[in-house]
Amino acid sequence: MSIAIIYSTRHGSVFKCAKIFKEKVADEIRLFDLNQKKHISLTDYNIVILGASVYFGRIQREMDRFCQLNNRVLLTKNVGLFLCAGEKSLKRNSYLSLFGFDLFTAAKIKRVLGHELYYEKLSFLEKIMIKLRTGKDKSYSDLDYKEISLFVDEINSLK
Ligand SMILES: Cc1cc2nc3c(=O)[nH]c(=O)nc-3n(C[C@H](O)[C@H](O)[C@H](O)COP(=O)(O)O)c2cc1C
């Protein structure tokens, strides 16, 4: 089975998760960064994993666009969805529908994998907003390795 992981990231958390999947599942997995490549042919892949991160309640525009443009083809594949997001409440899982309701419903696997904060990379305004919202003013990693490990198992079960 050929697997593609197509992701969008701003500071690297989503890429970190994608790399873990490549390491743990199969080295042949192809990684595609939507910031660098907008048109990706899905013909060769049976399993397509889409990963993005949430900023102000939305996923990256390029992922949104990719899902809309490729919706019909994606619905013929085994799709997995993952997100990096800081939300801790039950609302976090509803973020997965940001990939589009059709994909959310059809996806075989879907998980929110925690988050990281790259404080130095934020704009001045973002720093203020994050400080007000979370009280944090330093970089930290809070990826959910239990969820990541379950996601790995679930990709393996699709193979
Ligand atoms: C300015 C800013 C806004 C954010 N907004 C949200 C949000 O609305 N909901 C949420 O769950 N997480 C939010 N986050 C957390 C990010 O989703 C988290 O930092 C994630 O790990 C970023 O992944 P990336 O580096 O791959 O883009 C926000 C983070 C920043 C810096």
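What dipole magnitude, in Debye to the nearest 20, does the chain give about its Cα centre under +1 on Lys/Arg Cβ and -1 on Asp/Glu Cβ? In debye, rounded to 20, the chain gives about 340.
Here each label is just a point 7 Å from Cα along the line to Cβ, and for residue 145 and residue 126 those points are 2.6 nm apart. Relative to a virtual label point 7 Å from the Cα of residue 28 in the Cα→beta-carbon direction, which members of the stretch 128-159 show backbone nitrogen distances below 14 Å? Output list for this probe position: 159. Positive-end ranking of 118, 13, 25 along the dipole of the chain, with charges on Cβ about the Cα centre, is headed by 118. Kindly state, to the nearest 0.05, the FRET efficiency for residue 62 paired with residue 159, given R0 = 22 Å and r defined as their beta-carbon distance. After rounding, the FRET efficiency stands at 0.20.
Per-residue ellipticity at 222 nm computed for the chain from its helices equals -10500 deg cm²/dmol, with DSSP H segments shorter than 4 residues left out and the rest contributing -39,500 (n - 2.57). GNM, the chain, Cα, under 10 Å: largest mean-square fluctuation among 57, 114, 12? In the Gaussian network model the winner is 57. Counting only chymotrypsin sites (Phe, Trp or Tyr not before Pro) that DSSP places in a loop and that have at most 14 other Cβ atoms within 10 Å, the longest clean stretch of the chain runs over 57-117.
A P(r) calculated from all alpha carbon pairs of the chain, with 5 Å bins opening at zero, reads 2, 9, 19, 23, 21, 13, 7, 4, 1, 0 percent.
Over the chain, what is the relative contact order in whole percent, taking alpha-carbon pairs under 8 Å and six or more residues apart? Relative contact order here is 22 percent.
Length gained on full extension, residue 55 to residue 119, computed as 0.36 nm times the residue gap minus the Cα-Cα distance: 21.6 nm.
Readers should treat all values here as calculations from the given coordinates under stated rules, not as data from a laboratory. Just so you know, these numbers come straight off a predicted model, no measurement behind them. Methodologically, a virtual Cβ is constructed for each residue, glycine included, from the backbone with ideal geometry; neighbour enumeration extends over all protein chains shown.
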